[in-house]
Amino acid sequence: MRDLREYSKQTNVRLALGAFILIFIIGVGLIWLIYGGNAAGMAFTCLLAALVPVILILFIFVAIEWILKHARPR
């Protein structure tokens, strides 16, 4: 029998990675084609700056999940 929670988590991770790949490669690539290299560099920098709070929040959620898993009485 499959673990549906693990399957759901795996699917969510794959969707998030796909979205980031589309935004970074396709988005920055189109900006580079239309506006040039300087604009693409700035777009990449802005995307990285916007990604920092998202990564911090995800790290906090993973840390909370880890703490809760290991703090439960067995």
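The values are calculated or read from the model by the stated rules, or taken from the named source; none is laboratory data. Fair warning: this is a prediction, and the values are worked out from it, not measured in the lab. A quick note on method: Cβ atoms are made from the backbone with ideal geometry, for glycine too, and the neighbour counts reach across all protein chains shown.
Odds and ends about this structure:
- Of the residues making up segment 9-27, one or more are of a type in the set (D, E, K, R) and modelled with pLDDT under 90.
- Within segment 25-46, the set of residues being touching a helix residue (DSSP H, G or I) at 6+ places or on another chain (Cβ under 6 Å) and either of a type outside the set (Val, Ile, Thr) or in contact (Cβ under 8 Å) with a residue 40 or more places away in the chain (or both) comprises Trp32, Ala39, Ala40, Ala43, Phe44.
- Residues of segment 26-65 classified as farther than 17 Å from Val13 by Cα, out of contact with any Leu (no Cβ under 9 Å at 6 or more places or on another chain) and in a helix (DSSP H, G or I), total: 24
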